[in-house]
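Chemist: Here you go, one structure.
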Amino acid sequence: MKVHQFASLALLTSNMGTSLGNDMVSMANPCTMLKRITMLEDYHTEASIECELEDGGSLVPIEGLPADIEFESGISTFFSTDAAITKTSLILPSGSSNYIIDSTGTRRRKLSTTGDKSVLAVKIRCPDAETDFSLGSLRDSVFGSSSDVVNLKSQYSACSFGKLNVLEASPGTYDGVLEVAISTNASGEDNGTIRNAVTAELSDNYGITLSTYDHIMYCIPPGTSGGWIGYGYIGWHLTVYNNNWCTYPSIQMHEVGHNLRLAHTGVGSNEYSDQSGMMGYSYGQDEGPLMCFTGPKNWRLGWYNDRTQTINPLVTNFSGTLVGLSDYNISTPSQYVVLLIQGDSISSDYDYYVSFNRKSGVNSGTLAAGDQVLVHERPKGTGYANAYRRANMNAGGTYTIPSTDIFIEVLSIDLASSPATTSIRIVGITDTSSVPTESPSSGSSASPSSGPSASP
């Protein structure tokens with residue numbers, strides 16, 4: 001068995017282009033552009049642009065691109081005859097505009113938010129360190145194969161009501177987990193060096209690439225440089241974790257959420273601080289918190305499509321009922337999980353999502369704004385963008401959409417009913433003498449089938 005450190009310059013040259021000297025080679029083929037979001041120990045994040053090279057899957061940061069460059073992570077490709085590739089980066093000369101970004105999407109498939117998802121979790125062993133858990137414990141922490149109750153598999157299944165199912169990759173062969181040894185020491189090393197060495201080892205000795213399965217998780221031993229805890233690639237297959245963080249369900253859900261093109265959800269100006277859902281902070285605990293996603297993410301995921309509604313309060317005022325996502329399976333077609341007010345319909349640069357954060361069942365561990373009506377704001381459209389919680393309201397609370405006269409009012413909250421409900425109205429027409437207030441019709445008349453019960 002071969003063990004790898006990093007792709008050698010000779011390997012890069014044979015797969016990429018001609019040598020330029022000084023340990024650099026030219027770029028001969030396009031690479032797939034990826035947006036990486038890294039979670040740090042101080043609960044801040046770092047975003048970077050990387051490219052998957054055609055040398056077996058090495059990922060290197062792209063240096064020299066404008067900060068506001070537009071591309072679709074996991075779909076767009078990058079190519080430049082000016083670019084040089086080193087062992088650790090792809091360098092575009094300063095000021096160069098000689099590059100092509102192709103976003104036609106012919107090279108990659110988009111990851112779906114529904115269906116069966118094969119997942120491989122890789123336990124990494126270095127000469128000087130290995131993760132603090134066994135291969136069996138890792139399998140239990142991801143798939144619940146033994147005694148672990150709350151894990152990646154259980155929570156995605158419960159939150160989606162069986163519409164997204166995490167499956168062990170290659171059952172009977174790997175059963176979802178694999179231990180890989182490399183020759184690079186972890187102590188003081190950049191995690192990207194470890195990551196690329198593992199990718200090469202998987203490719204050469206196991207025939208596994210980063211897109212063999214729907215999702216692949218790398219569990220890196222302790223001791224690498226930098227105060228990081230985990231990261232995921234937007235719209236792509238890979239998530240990476242620092243030691244024990246690989247076993248905690250909240251960060252598993254969060255980073256795989258990035259694979260599913262979910263962005264962060266914040267409060268105020270902090271993009272990462274909304275603790276009402278899984279795309280805020282992550283938590284160093286093994287059996288929780290029991291929590292799902294917020295309104296903007298739930299709209300994108302599509303798990304409750306027959307309980308969502310787009311409304312335009314400048315045409316018709318809305319009066320109706322919301323239920324929490326945890327009660328989706330016992331709701332009726334006139335009880336909504338998420339409402340959307342599109343920015344284009346109200347002359348705003350932002351879309352607004354209204355939801356009821358019911359603190360029960362699969363969402364009983366929500367850590368902020370439980371049993372309140374939430375309003376989230378995000379840039380209008382369907383592209384990747386962070387959302388922010390702008391209001392959380394009890395009965396009697398109101399929120400006015402900025403630069404408009406549209407207001408959202410919570411008329412009542414009934415936690416004793418089954419399902420628990422909240423009655424709200426959204427008003428954009430104050431002169432109702434000629435336009436009645438009415439509830440829009442539902443897009444579906446069928447009740448959803450009951451999904452799996454929430455984990456205790």
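Chemist: Take the residues in the stretch 332-352 that are farther than 19 Å from I429 by Cα and not in a loop (DSSP other than H, G, I, E, B), then tell me which one is most open to solvent (accessible area, probe 1.4 Å).
Modeler: Here the residue is Y350.
Chemist: Follow-up question, since we're still on this one. Tell me yes or no: at least one residue of the stretch 254-265 is more than 10 Å from the chain's Cα centre (by Cα) and under 22 Å from V338 (Cα atoms).
Modeler: Yes, the stretch 254-265 contains at least one residue that is more than 10 Å from the chain's Cα centre (by Cα) and under 22 Å from V338 (Cα atoms).
Chemist: While we're here: Is at least one residue of the stretch 178-187 modelled with pLDDT of 95 or more, open to solvent by less than 20 Å² (accessible area, probe 1.4 Å) and charged (D, E, K, R)?
Modeler: No.
Chemist: For the stretch 287-313, give me each residue that is of a type in the set (D, E, K, R), in contact with a helix residue (DSSP H, G or I) (Cβ under 8 Å, 6 or more places away or on another chain) and more than 20 Å from L260 (Cα to Cα).
Modeler: The answer is E287, R307.
Chemist: Could you list, in sequence order, the residues of the stretch 325-353 that are over 15 Å from V375 (Cβ atoms) and among the small types (G, A, S)? Give the steps one after another, and end with the answer.
Modeler: Restricting attention to the stretch 325-353, the residues satisfying the condition of being over 15 Å from V375 (Cβ atoms) are 325-335, 344-345, 347, 349.
Selection gives S326, S331, S334, S345, S347.
Chemist: Let me ask something additional. For the stretch 29-87, which residues satisfy the criterion of being open to solvent by 50 Å² or more (accessible area, probe 1.4 Å), touching a Leu at 6+ places or on another chain (Cβ under 7 Å) and within 21 Å of N196 (Cα to Cα)?
Modeler: E46, E63, K87
Chemist: Next up: Just checking, which of L120, L210, L167, L152 is within 20 Å of the chain's Cα centre (by Cα) and open to solvent by 20 Å² or more (accessible area, probe 1.4 Å)? Spell out how you get there, then give the answer.
Modeler: On the way: L120 fails: open to solvent by 20 Å² or more (accessible area, probe 1.4 Å); L210 fails: open to solvent by 20 Å² or more (accessible area, probe 1.4 Å); L152 fails: open to solvent by 20 Å² or more (accessible area, probe 1.4 Å).
Among L120, L210, L167, L152, only L167 is within 20 Å of the chain's Cα centre (by Cα) and open to solvent by 20 Å² or more (accessible area, probe 1.4 Å).
Chemist: Hey, can you tell me all the residues within the stretch 355-378 that are open to solvent by 30 Å² or more (accessible area, probe 1.4 Å) and over 18 Å from S273 (Cα atoms)?
Modeler: R358, K359, G361, S364, D371, listed by residue number.
Chemist: Within the stretch 359-377, is there a residue that is out of contact with any helix residue (DSSP H, G or I) (no Cβ under 8 Å at 6 or more places or on another chain) and under 25 Å from G74 (Cα atoms)?
Modeler: No, there is no match, as no residue in the stretch 359-377 is out of contact with any helix residue (DSSP H, G or I) (no Cβ under 8 Å at 6 or more places or on another chain) and under 25 Å from G74 (Cα atoms).
Chemist: Only strands (runs of 3 or more DSSP E) wholly contained in the stretch 232-331 count here; list those with 1 or more residues that are open to solvent by 10 Å² or more (accessible area, probe 1.4 Å), hydroxyl-bearing (S, T, Y) and modelled with pLDDT of 95 or more.
Modeler: Hits in the stretch 232-331: 308-311, 318-323.
The values are calculated or read from the model by the stated rules, or taken from the named source; none is laboratory data. Every value quoted in this text rests on a predicted model; they were computed, and no experiment measured them. For neighbour counting, all protein chains shown are included, and Cβ atoms are generated from backbone atoms with ideal geometry for every residue, glycine included. With ligands, DNA and RNA removed, areas are computed over all heavy atoms of the protein, side chains included. Shrake-Rupley method; radii C 1.70, N 1.55, O 1.52, S 1.80 Å.
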